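Everything below concerns the one structure shown next.
The values are calculated or read from the model by the stated rules, or taken from the named source; none is laboratory data. All of these numbers come straight from a predicted model, not from anything done at the bench. When we count neighbours, we look across all protein chains shown, and the Cβ atoms used for this are built from the backbone with ideal geometry, even at glycine. Side chains are part of the model used for accessible areas, which takes the heavy atoms of the whole protein and leaves out ligands, DNA and RNA. Shrake-Rupley method; radii C 1.70, N 1.55, O 1.52, S 1.80 Å.
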Amino acid sequence: MSEDYPCKLLDLERRFATDQACREYLFSLRWPQGFFCPRCEHRQAWAMKRGLWLCAGCRYQASTTAGTIFQDSRLPLTLWFRAIWYVTSLKNGVSAVTVQRILELGSYQTAWALLHKLRRAMVRPGRDRLGGRVEVDETYVGGLEEGVIGRLTQDKSLVLVAAQEDGEGIGRIRLRKVEQLTRAAVRDFVAGAIEPGSVIRTDGLNVYEGLEGYKHEAVVIKRQPAEASTLLPRVHRVASLVKRWLLGTHQGAVQGTHLDYYLDEYTFRFNRRKSASRGKLFYRLVQQAVQVEPKPYKTLVHPKG
Ligand SMILES: [Zn+2]
């Protein structure tokens, strides 16, 4: 199907003024070829009330939102759609405090959970890995003190950064929090983020050695920070942008256990920053939101628990 999305907030509010309109849009993205029974794969169904479909094959009552991140939500879809609009159309996204205020939600937790559910939809399964020439480095995020010397820290989270070269500029990026800077952690990150055969540029630290299946270029950095940013300019630029975003939009109020999901959100917008239309990002996120499994609140609060 052709990609169909609103272009301005006013378009969005007119077009998605009712839950019914939102449901129809979700239906078209979830079942682009028409209804498909999740139980018996039959293609015919009768529309019932509240977005339910009665399968003509097995009489199963399928719901447009069941099995997606919208499942069991007490929030009207019109509010979900506006939240998705703000997350995708504002350059820096929005914080839970702002979403609570703009959407007039009763509690901070509701806003917080809404944004976290959307973050779960920002990583597309089977997405393309980076390729060509890619810079890789580590950085520390969080904690209150700046200018900590050395690679060990108690208060900060360690984040691996990969940034693809695009001429003089930056192509796509990947970010991931790791517990420790080890060869195994680097190998795992690189395998998930970068196509084999790519050229990987890192500093001279030994954890970046021995990456099988990749061409490795180690640039040797002397102890001046100025040189690090010249030799691996892209990863350094990305690291400083991410930190500024966490401190600015989110006031630095991100716990280490949730950091990966914020990194996913940052990556989602960054990798689509050159997209001609913000409406297209809206479309992508809704499309991915009907493809990911529901995320109950407790798995949001304790993601690894
Ligand atoms: Zn069926």
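Scan (1) away from the ligand (no atom under 15 Å from the Cβ); (2) touching a helix residue (DSSP H, G or I) at 6+ places or on another chain (Cβ under 8 Å) for the single condition Glu24 breaks and write down its number.
All conditions pass for Glu24, except number (2).
Being within 15 Å of the ligand (Cβ to nearest atom) and touching a Leu at 6+ places or on another chain (Cβ under 8 Å) narrows it down to one residue among Ser63, Ser89; which is it? Full working, then the answer.
On the way: Ser89 fails: within 15 Å of the ligand (Cβ to nearest atom).
Unique residue meeting the criteria: Ser63.
Considering only residues that are within 13 Å of the ligand (Cβ to nearest atom) and of a type outside the set (A, V, I, L, M, F, W, C), which ones fall in the range 39-52?
The answer is Arg39, Glu41, His42, Arg43, Gln44.
Quick check on my filter: what residues within the range 66-76 are away from the ligand (no atom under 16 Å from the Cβ), within 11 Å of Val292 (Cα to Cα) and either assigned to a strand (DSSP E or B) or open to solvent by 30 Å² or more (accessible area, probe 1.4 Å) (or both)? Break it down into steps so the answer makes sense when it comes.
Step one: list which residues in the range 66-76 are away from the ligand (no atom under 16 Å from the Cβ), which gives 68-76.
Subsequent filtering for residues that are within 11 Å of Val292 (Cα to Cα) retains 68-71.
The one that is away from the ligand (no atom under 16 Å from the Cβ), within 11 Å of Val292 (Cα to Cα) and either assigned to a strand (DSSP E or B) or open to solvent by 30 Å² or more (accessible area, probe 1.4 Å) (or both): Gln71.
Quick check on Leu79: is it under 17 Å from Val290 (Cα atoms), open to solvent by 10 Å² or more (accessible area, probe 1.4 Å), hydrophobic (A, V, I, L, M, F, W, C) and in contact (Cβ under 8 Å) with a residue 24 or more places away in the chain?
On the way: under 17 Å from Val290 (Cα atoms): yes; open to solvent by 10 Å² or more (accessible area, probe 1.4 Å): yes; hydrophobic (A, V, I, L, M, F, W, C): yes; in contact (Cβ under 8 Å) with a residue 24 or more places away in the chain: yes.
Against the criterion (under 17 Å from Val290 (Cα atoms), open to solvent by 10 Å² or more (accessible area, probe 1.4 Å), hydrophobic (A, V, I, L, M, F, W, C) and in contact (Cβ under 8 Å) with a residue 24 or more places away in the chain), Leu79 qualifies.
If a residue must be outside any helix (DSSP H, G or I) and at pLDDT 90 or above, how many such residues does the range 240-272 contain?
Total satisfying the criteria: 2.
Failed condition for Phe36, given (1) of a type outside the set (D, E, K, R); (2) away from the ligand (no atom under 16 Å from the Cβ); (3) assigned to a loop (DSSP other than H, G, I, E, B); (4) modelled with pLDDT under 90, with all others met?
Checking Phe36 against (1) of a type outside the set (D, E, K, R); (2) away from the ligand (no atom under 16 Å from the Cβ); (3) assigned to a loop (DSSP other than H, G, I, E, B); (4) modelled with pLDDT under 90, the one that fails is (2).
Determine whether the range 111-120 contains at least one residue that is loosely packed, with under 15 Cβ neighbours inside 10 Å and away from the ligand (no atom under 16 Å from the Cβ).
Checked the range 111-120: no residue is loosely packed, with under 15 Cβ neighbours inside 10 Å and away from the ligand (no atom under 16 Å from the Cβ).
Considering (1) open to solvent by less than 10 Å² (accessible area, probe 1.4 Å); (2) touching a residue at least 24 places away in the same chain (Cβ under 8 Å); (3) within 16 Å of the ligand (Cβ to nearest atom), say which one Cys55 fails and leave the rest.
(2)
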